[in-house]
Amino acid sequence: MEQNKNQKIKNWYITNRPLYKKLANKIESILAELLEENNLNIHALYSRAKDIDSFYTKVSKKSYSNPEREVHDLAGIRIITYVESDVEKVSAIVKKAFKIDQKNSVDKKTELGIDKVGYQSVHFIAELKADRIKLPEYKKFKGLKFEFQIRTILQHAWAEIEHDRNYKFSGQLPSEIKRRFTVLAGSLELADREFNSIASAIDKISIDVSVATKEGKLNIPINSTTLNSYLEDKFQNLIKEGSIEGFTSADEEKDVIINLYQFGIDTLEKLDKLLTPQYIKNYEEFMTWESEFQLAIANALLYKFHNTFFDKITSNFYTVIDKTEIKLQNSMNIPIEKIIKKYDIEKQ
């Protein structure tokens with residue numbers, strides 16, 4: 001009798017799984033937009049509809065009076081962040097955007113208590129809010145629940161490894177290996193906290209540089225964090241207009257710093273003297289198409305050190321010049337055509 005009941009439930013899910021798959025995809029899409037709007041960079045975001053066999057195993061092991069309503073993870077969305085503080089930020093976004101079932105949601109860290117280590121993740125059971133359900137494309141999801149799992153990349157690594165090993169040992173680990181996993185979990189938790197602390201320290205540097213830029217206190221060494229924070233403040237008008245973007249890669253950023261140092265520019269104070277108000281004004285006037293921080297600095301160095309620029313820069317730093325950049329250099333009375341001819345620079 002029980003087996004027939006479970007088979008009937010399984011057949012129900014086979015029929016309805018495509019709907020839960022569509023639901024999971026929709027929620028993933030909504031959340032991706034919300035993360036982008038909030039400028040929140042995460043490691044991974046993905047969704048799934050629960051596997052049919054996994055669903056059948058779950059309902060077979062537990063006594064559900066109404067599995068169709070009591071199993072809440074048929075549609076699941078997993079968000080993996082880099083640090084713990086971003087778990088809190090993602091959680092806040094989820095709470096605001098969706099109707100949360102507080103009774104069935106759980107913070108696994110809280111469940112562990114103060115004297116244990118192990119699996120940590122924030123789980124929210126949720127539904128779409130009434131205002132979204134009113135829209136035609138969402139009506140079919142009315143009353144359907146889904147699960148969010150939010151964890152850091154280290155918490156995810158722990159969960160995946162532990163799950164895999166438990167599977168291999170049929171759900172029961174030998175005590176010695178169990179102890180080693182516990183020690184490992186504690187180490188990962190400490191590492192997670194340290195990564196979070198480092199990320200907070202980097203954020204503080206960015207804030208301090210922004211304040212220092214406004215106050216003119218710029219005797220600060222140039223590194224990736226200080227350079228980005230300074231340039232974001234310096235080119236804020238162009239950034240708002242969408243006319244300039246940041247560095248396209250860590251390698252490009254590193255190359256810019258190397259070339260700044262080649263010309264003795266190793267502090268923000270020296271860089272500020274390079275990016276004069278007149279240069280910024282000319283740059284905003286002539287570079288009306290979408291440019292990048294790298295181009296802004298390269299052209300500033302070319303303007304200031306035009307006689308030695310191409311002798312000192314690294315090979316891939318500045319290889320092509322276009323007509324807009326030529327106009328920019330001409331506006332500052334730089335004999336750019338002679339320089340192009342002397343160094344055989346390609347024109348676009």
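The values are calculated or read from the model by the stated rules, or taken from the named source; none is laboratory data. Nothing here was measured: the structure is a model prediction, and the numbers come from that model. All Cβ positions, glycine included, derive from the backbone under ideal geometry; neighbour counts span all protein chains shown. Ligands, DNA and RNA are excluded from the accessible area calculation, which covers all protein heavy atoms including side chains. Shrake-Rupley method; radii C 1.70, N 1.55, O 1.52, S 1.80 Å.
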Legend entry - lysines with Cα under 25 Å of Lys342, excluding same-chain neighbours fewer than 8 positions away: Lys304, Lys312, Lys323, Lys327
Legend entry - Anchor Lys10: aspartates and glutamates whose Cα lies under 13 Å away (excluding residues fewer than 8 positions away in-chain): Glu2, Asp51, Asp53, Glu68
Legend entry - Of Lys99/Lys145; Lys50/Lys96; Lys103/Lys139; Lys240/Lys270, pairs whose Cα-Cα distance is over 19 Å: Lys50/Lys96; Lys103/Lys139; Lys240/Lys270
Inset, instruction - Work out the charge dipole of the stretch 1-87 with +1 on the Cβ of Lys and Arg and -1 on the Cβ of Asp and Glu about the Cα centre, then indicate which of Ile80, Leu45, Ile14 is farthest towards its positive end. - result: Ile14
Inset, instruction - On the full set of protein chains, 1.4 Å probe, figure out the accessible area of Asp131 and give it in Å² to the nearest 10. - result: 110 Å²
Legend entry - Three principal axis lengths of the stretch 1-67 [C-alpha, angstrom, descending]: 53, 20, 18
Inset, instruction - Mind grabbing the accessible area of Leu34 for me, 1.4 Å probe, Å², rounded to tens? - result: 40 Å²
Inset, instruction - Would you tell me the accessible area of Asp311, worked out with a 1.4 angstrom probe on the heavy atoms of the protein chains, in Å² to the nearest 10? - result: 100 Å²
Legend entry - Which of Lys50, Lys214 is most accessible, then next, and so on - probe 1.4 Å: Lys214, Lys50
Inset, instruction - Using the charge dipole of the chain (Lys, Arg: +1 at Cβ; Asp, Glu: -1 at Cβ; taken about the Cα centre), state which of Val320, Leu271, Leu154 has its Cα farthest towards the positive end. - result: Leu154
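Among rounded, prolate and oblate, which fits the stretch 233-347 when a ≥ b ≥ c are the square roots of the eigenvalues of its C-alpha gyration tensor, a/c under 1.5 means rounded, and a/b larger than b/c means prolate?
Numbers: a/c = 1.39, a/b = 1.13, b/c = 1.23.
In terms of gyration-tensor shape, rounded.
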Legend entry - Full-extension gain in nm, Asp51 to Ser249, via 0.36 nm per residue minus C-alpha separation: 67.5 nm
Inset, instruction - Specify the inter-centroid distance of the stretch 174-207 and the stretch 19-86, based on alpha-carbon positions, in whole Å. - result: 25 Å
Inset, instruction - Give me the distance in nm between label points sitting 7 Å out from Cα along the Cα-to-Cβ direction at Thr319 and Glu194, one decimal. - result: 4.0 nm
Inset, instruction - Could you size up the charge dipole of the chain around its Cα centre, putting +1 on the beta carbon of Lys and Arg and -1 on that of Asp and Glu, and report it in debye to the nearest 20? - result: 1840 debye
Legend entry - Helix axis angle, 153-168 relative to the chain longest principal axis, alpha carbon, degrees: 40 degrees
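Among rounded, prolate and oblate, which fits the stretch 131-279 when a ≥ b ≥ c are the square roots of the eigenvalues of its C-alpha gyration tensor, a/c under 1.5 means rounded, and a/b larger than b/c means prolate?
Oblate is the answer for the stretch 131-279, as a/c is 1.5 or above yet b/c matches or exceeds a/b.
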Inset, instruction - Quick one: divide the alpha-carbon radius of gyration of the stretch 305-348 by 2.2 N^0.38 Å and tell me what you get. - result: 1.07
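Just to make sure I understand: if all protein chains stay in place, what is the order of Met332, Met287 by accessible area at 1.4 Å, largest first?
Working: Met332 25, Met287 0 Å².
Final ranking, largest accessible area leading: Met332, Met287.
Could you please put Trp158, Trp12 in sequence from largest to smallest accessible area, using a 1.4 Å probe? Mind dumping the intermediate values first?
Details: Trp158 15, Trp12 65 Å².
Order by accessible area, largest first: Trp12, Trp158.
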Inset, instruction - Report the one residue of Asn223, Asn66, Pro174 whose Cα lies farthest in the direction of the positive end of the charge dipole of the chain (charges on C-beta: Lys and Arg +1, Asp and Glu -1; origin at the Cα centre). - result: Asn66
Inset, instruction - Tell me the Kirkwood hydrodynamic radius of the chain in angstroms, computed as one over the mean inverse distance between distinct C-alpha pairs. - result: 24.7 Å
Inset, instruction - Give me the distance in nm between label points sitting 7 Å out from Cα along the Cα-to-Cβ direction at Val106 and Lys240, one decimal. - result: 4.9 nm
Inset, instruction - Determine the shape class of the stretch 167-244: with a ≥ b ≥ c the square roots of the Cα gyration tensor eigenvalues, call it rounded for a/c under 1.5, and otherwise prolate if a/b is greater than b/c, oblate otherwise. - result: prolate
